[in-house]
Structure formats: structure tokens, C-alpha cells
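Since the structure comes first, as C-alpha cells, the remarks are kept for the end.
The values are calculated or read from the model by the stated rules, or taken from the named source; none is laboratory data. Please read all numbers here as calculations on a predicted model, not as lab measurements. So basically every Cβ, Gly included, is an ideal-geometry build from the backbone, and we count neighbours across all protein chains shown.
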Amino acid sequence: MNCFNSCKHENLVKQLSYNTMFFQALVVSGILCLSHLASAASTDGLTVNTTSGQLQGFVNQTAPDVRQFLGIPYAQPPVGPLRFAPPQDPVSSQQLINATTLPNSCMQQFSNGSTIYTAYEREFLISGGQSEDCLYLSIWTPSLEGIDAKGSPLPVFLYIPGGGFTSGGQNSMYKIPDKWVQRTQSHIVVIMNYRVNVFGFPNAAALSHQNPGLLDQRKASVEWTSKNIAQFGGDPDRITLWGQSAGGASVANYPYAFADDPIVAGLIADSGATGIIAKSDPTHSNFSSLAGLVGCSNLNASAELNCVRNVNATTLESALSNYVISKKTPAISFTPSDDNITVFTNYTDRLVHGHLAQLPLITGSNTNEGAGFVPFTPSGPGNATLVNTTLSIIACPVARDVARRDLDSTKYPTYRYLYTGNFSNISPVSWFGAFHSAELPLLFGTHDEYGPGNSTSFEYSVSQTMEALWLSFAENPAAGPKRFNSSDGGYFAWPQFKQNASDLVVFADGGKTLQLATAGPRVDEFCGL
């Protein structure tokens with residue numbers, strides 16, 4: 001190579017090196033700009049990374065200081081070979097998840113019966129659609145400014161909806177907590193879907209796990225939330241598992257099922273107990289009967305299961321619902337089975353032998369639970385029917401759960417209530433009274449949103465008192481619920497329940513926000529306790 005060509009080559013190399021460095025600088029600069037933009041986009045806290053993927057939440061004008069993340073997948077869709085199977089960890093999405101819409105409910109068993117809910121109380125019913133792809137949860141959390149003002153991670157309510165284990169989900173108008181979180185700016189609410197009826201509790205002979213619906217609750221209510229809630233400003237060490245009706249029964253059952261690894265710090269069971277959860281079907285006849293209705297009869301257990309797994313979800317649900325509505329025999333139903341893994345035949349034995357997580361519990365019932373379970377008529381079924389239904393379905397099972405925990409109250413502190421509220425905007429017909437679920441609008445702060453007429457000042461007082469006690473419990477379950485009333489300087493510490501002592505907290509009775517009473521004359525004497 002001559003000198004001219006050599007010099008030309010060196011200049012070319014220098015120019016290429018300069019161009020390369022310039023291009024790299026542009027790339028780095030661009031990356032920094034993009035990084036800055038991404039950071040700026042997430043400074044409002046609406047983009048959150050989770051084990052399910054990156055979520056995009058939102059705020060609205062109704063609750064401008066509440067970040068809402070709706071429809072977060074906490075497990076893989078339970079479809080195809082995963083129908084009836086325990087929930088599987090979600091595959092982390094590589095796409096941004098638009099968490100701005102409440103999800104479909106799980107497949108619902110429907111009924112044609114008239115109840116107070118279908119006649120007057122539709123805000124308690126499920127809105128929106130249904131789908132077998134339904135394992136989603138939703139989170140309501142304060143703004144970043146609200147969380148920063150507290151200076152520490154917030155306590156978390158993890159709510160399991162009711163529905164008799166045959167229906168239910170998170171999309172229910174009275175149980176949307178955005179305004180409650182907006183008002184307090186001091187807690188987070190998580191609400192889940194879980195599989196119900198045959199999809200959640202199949203009890204098929206070929207299955208090794210008979211209660212995948214309860215395993216959904218564990219996967220959503222504890223494991224996913226515990227792993228991810230810090231990303232939303234929550235404290236994974238202060239998760240309170242709360243549920244009502246079937247959700248309350250699930251909460252009551254939970255410390256027995258996960259005695260050695262509860263993860264949660266406290267429990268709240270509204271109108272739910274272990275005594276309403278278990279049934280036995282050792283021959284698996286319910287599943288086989290339903291299989292016969294959808295063309296899967298006269299097969300061995302494995303073939304029967306595979307056949308039913310391939311039936312269209314709507315076809316399967318319709319076959320079940322229509323058969324139940326027809327009142328044909330033999331009757332079939334799908335609720336949790338006592339497999340002695342997640343549900344047990346002898347709860348007292350488990351407590352005596354220490355197979356119960358040592359977690360504090362708030363639990364109680366309403367004075368007229370029965371109104372929610374009887375067929376609706378304008379004049380009502382009569383007082384005797386209401387009382388007997390209230391006692392047999394809810395009040396006595398709750399009382400027995402409490403009595404069992406009282407066998408060792410130092411290990412299992414219990415705080416018991418009785419709700420008596422009869423507010424006309426929630427109970428517009430006189431005989432409704434404190435029906436099943438009537439306390440929920442006061443706890444979620446939605447009592448003034450939907451019913452006929454306005455909430456009274458007394459109703460607001462009861463609501464704020466109950467909310468404050470529930471929240472103080474979530475803040476420190478080990479210390480028990482307390483309330484300081486800044487308006488009158490009053491202080492109330494909820495005493496632990498003891499049989500035959502005046503430590504039952506009665507809400508909304510006789511014009512008093514709360515008062516202490518003895519449980520015996522109010523409930524327990526009618527339950528043989």
C-alpha cells in the first residue's frame with residue numbers, strides 16, 4: 001500500500017470511528033430520554049410492575065386520590081386441561097396489562113327464584129358478564145402522595161366475596177371501595193374472583209384436589225398479594241383476610257387449612273363460619289350425575305373427567321342450573337367437600353391438636369339474616385320463619401365457631417359483633433331489617449349511593465364507627481380493634497369475647513352506635529350454647 005492510500009485508509013478509519021462514536025452517543029442519549037419519559041410516565045404510580053406483568057391503572061373523578069388497578073390476572077386461565085385443576089401461577093405478560101376494567105365473574109349458577117335481592121336489593125347482585133377465564137383480582141390504593149404522607153406501607157384488606165359458593169364475584173355495586181379509600185387514604189383494598197359451583201368444587205372421583213375454588217383464594221388472597229402488594233404501597237406483613245357469607249366461611253376455614261403458613265396477620269368473617277362450608281359426597285355422585293346430563297355417562301372416572309373438561313363452559317353451567325331449578329331428584333349441588341386437606345370433618349379436633357393458625361378474628365352476624373334466604377313475598381314469611389332461618393343458617397354456626405375458639409382464647413383472640421341496623425335506604429321494606437349482607441354498604445361506605453332516600457346522620461355514625469374499628473384491626477390485628485372519636489374525645493377498645501361475659505359488640509341498636517351485651521340472651525341460648 002502506498003503512502004497516499006495508507007493515509008486515505010487511516011482517515012477513513014478515523015471518520016468511521018468518529019461516526020460510530022457519534023451514533024453510540026445518539027443511541028445512549030435516546031435511551032436516556034426514553035428512560036426519563038418512562039420514569040415520568042410512572043411518577044403518578046399508575047404503572048406498576050408485578051409478577052403478572054406491568055400494569056396500567058387509572059384514577060377517576062369520583063375518587064381522584066385513589067389508584068385503581070382492575071382485572072389483574074393472578075393465575076393462568078382455568079380452561080381446557082386446567083378446568084377443575086388447582087390454580088397455576090400466571091405467565092408474566094410481555095405486554096402492558098390495561099388494568100382499567102372490572103373482570104368478568106366466574107361462571108355463575110343461576111336461579112329463577114324471587115328473593116329480596118332480585119326484588120329490591122339488586123345492588124348486592126353481580127354486574128357484568130361471566131367467563132371461565134375469571135381468575136382476576138382488583139386493587140384500590142391511595143395516590144403516591146397519600147402513601148408518602150403516611151410514611152410507611154399501608155395495611156391491606158383482602159376481601160373474599162360471598163355467593164353461597166355457587167355464585168359471586170367482585171363486580172357488585174355496594175362493594176366497590178373507591179370512596180372509602182379516597183376518604184381514609186390509609187388502607188388498601190384487594191377483591192378477588194374465585195371459581196364457584198362445579199368449576200370450583202367439582203368433587204370428581206379422578207381429581208386429587210376437590211376444592212380448587214378454595215385454592216384460588218389462597219393463590220389470590222395470600223400468595224399473589226403477599227408477593228406484590230408492596231408495589232402498590234401495601235405492607236405484606238399487615239394483610240387482613242376478610243370475607244362475608246361464603247367469603248366469611250372461607251375466612252373462618254382458612255386458619256385450619258393453612259395452619260402452618262397463614263401469611264396473613266388477621267381475619268374478619270362477616271356472617272360466615274366453618275359450619276356452613278362442608279358437605280360430604282364420598283361416592284362423587286353429584287359430578288357423575290352432571291356428567292350424565294352433558295353426554296358423559298357410563299365412563300370410568302378418568303374418562304368421565306376428561307369428557308366433562310371438554311364440554312363448553314356455558315353448556316355445563318346451563319345444564320347444572322336448569323337441573324337445580326327443575327327440582328328433580330336426586331338433587332345435585334357443588335360446594336366445598338370435606339377432603340381433610342382444605343375442609344375438615346372435625347374442626348374441634350384440629351384446634352385441640354394445635355392445627356389452627358394463631359390469628360385474631362373479628363366475626364359476627366346480623367339479627368335478620370334469614371330475610372336473605374327465604375323466598376320473597378311483599379308481606380314476608382312471618383317472624384318465626386325468619387328467626388329459625390337466621391339461627392340455623394348463619395347465627396348458630398357463627399356462635400359455635402366462637403365457642404370453639406374460646407376453648408383456648410389466649411391463642412385464638414376473638415372479637416364478636418351483632419349488627420342490628422334497619423335503615424330504610426338499605427332495607428326499604430320493614431320486615432327486611434338487618435338482613436344477610438345489610439352491613440356491607442356501611443363497611444364499604446356505599447350506603448348513601450344507591451338505595452331509596454338519603455342516609456341518616458345515625459347511619460353515617462354507625463358506618464364510620466364500624467369502618468374505624470375494622471381499619472384499626474387491620475393496622476395492628478394483634479392489638480385488637482380500637483376507636484378514638486375525635487368529635488367527642490371518646491375511646492373504645494373492643495374486648496376479647498368470652499362466653500357469658502358482656503363483650504358482644506352490638507351495632508346500631510336502640511339508637512346507640514355501639515354497646516356491649518352478653519351473647520347468651522341475644523343469640524347463644526337459642527343455639528344450645
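Laid out as a table, the results:
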item: Which listed residue is out of contact with any Phe, Trp or Tyr (no Cβ under 8 Å at 6 or more places or on another chain), in a loop (DSSP other than H, G, I, E, B) and within 21 Å of K279 (Cβ to Cβ), from V343, V398; result: V343
item: Output for region 279-322, where each listed residue is surrounded by fewer than 19 Cβ atoms within 10 Å (Cβ to Cβ) and either among the aromatic types (F, W, Y) or at pLDDT below 95 (or both); result: K279, S280, D281, P282, T283
item: Test for A259: is it in contact (Cβ under 8 Å) with a residue 60 or more places away in the chain and surrounded by fewer than 22 Cβ atoms within 10 Å (Cβ to Cβ); result: yes
item: Residue under evaluation W431, criteria (1) assigned to a loop (DSSP other than H, G, I, E, B); (2) of a type in the set (F, W, Y); (3) crowded, with 17+ Cβ neighbours inside 10 Å, criterion not met; result: (1)
item: Some residue of region 219-231 being more than 17 Å from the chain's Cα centre (by Cα) and farther than 22 Å from V48 by Cβ; result: no
item: Test: residue in region 248-255 that is surrounded by fewer than 24 Cβ atoms within 10 Å (Cβ to Cβ) and closer than 17 Å to A278 by Cβ; result: yes
item: T389 being out of contact with any helix residue (DSSP H, G or I) (no Cβ under 8 Å at 6 or more places or on another chain), crowded, with 19+ Cβ neighbours inside 10 Å and not in a strand (DSSP E or B); result: no
item: Any hit, region 135-143, residues being surrounded by fewer than 24 Cβ atoms within 10 Å (Cβ to Cβ), within 22 Å of D237 (Cα to Cα) and modelled with pLDDT of 95 or more; result: yes
item: Checklist (1) under 23 Å from V222 (Cβ atoms); (2) in a loop (DSSP other than H, G, I, E, B); (3) in contact (Cβ under 8 Å) with a residue 60 or more places away in the chain; (4) not aliphatic (A, V, I, L, M) applied to S93, failing item; result: (3)
item: Single unsatisfied condition, N476 versus (1) polar (S, T, N, Q); (2) in contact with a strand residue (DSSP E or B) (Cβ under 7 Å, 6 or more places away or on another chain); (3) surrounded by fewer than 17 Cβ atoms within 10 Å (Cβ to Cβ); result: (2)
item: Only listed residue being farther than 30 Å from Q185 by Cβ and of a type in the set (A, V, I, L, M, F, W, C), chosen from A63, A75, A99, A149; result: A75
item: Test: residue in region 445-459 that is more than 18 Å from L267 (Cα to Cα), touching a residue at least 24 places away in the same chain (Cβ under 8 Å), of a type outside the set (K, R) and in contact with a strand residue (DSSP E or B) (Cβ under 7 Å, 6 or more places away or on another chain); result: no
item: Selected residue (only one of I147, I126 is assigned to a helix (DSSP H, G or I) and aliphatic (A, V, I, L, M)); result: I147
item: Residues of region 446-465 satisfying the condition of being touching an Asp or Glu at 6+ places or on another chain (Cβ under 7 Å) and either more than 18 Å from M173 (Cα to Cα) or crowded, with 23+ Cβ neighbours inside 10 Å (or both); result: H447
item: Unique residue being of a type in the set (D, E, K, R), over 30 Å from G433 (Cβ atoms) and more than 13 Å from the chain's Cα centre (by Cα) when the list is E145, E121; result: E145
item: Test: residue in region 70-88 that is at pLDDT 95 or above, exposed (fewer than 14 other Cβ atoms within 10 Å of the Cβ) and under 20 Å from the mean Cα position of the chain (by Cα); result: yes
item: Filter result (outside any loop (DSSP other than H, G, I, E, B), out of contact with any strand residue (DSSP E or B) (no Cβ under 8 Å at 6 or more places or on another chain) and not aromatic (F, W, Y)) within region 165-178; result: M173
item: Number of the condition not met by F157 [criteria: (1) assigned to a loop (DSSP other than H, G, I, E, B); (2) in contact with a helix residue (DSSP H, G or I) (Cβ under 7 Å, 6 or more places away or on another chain)]; result: (1)
item: Region 195-221 - residue that is touching a strand residue (DSSP E or B) at 6+ places or on another chain (Cβ under 7 Å) and assigned to a loop (DSSP other than H, G, I, E, B) and, of those, modelled with the lowest pLDDT; result: Q210
item: Any chance Q496 is surrounded by 14 or more Cβ atoms within 10 Å (Cβ to Cβ), within 21 Å of L516 (Cβ to Cβ) and without any contact (Cβ under 8 Å) to a residue 12 or more places away in the chain; result: no
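The rows are residues; the columns are (1) aliphatic (A, V, I, L, M); (2) in contact with a helix residue (DSSP H, G or I) (Cβ under 6 Å, 6 or more places away or on another chain); (3) under 16 Å from L361 (Cα atoms).
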{"residue": "S461", "(1), (2), (3)": "no, no, no"}
{"residue": "L471", "(1), (2), (3)": "yes, no, yes"}
{"residue": "A478", "(1), (2), (3)": "yes, no, yes"}
{"residue": "K482", "(1), (2), (3)": "no, yes, yes"}
{"residue": "A493", "(1), (2), (3)": "yes, no, yes"}
{"residue": "K498", "(1), (2), (3)": "no, no, yes"}
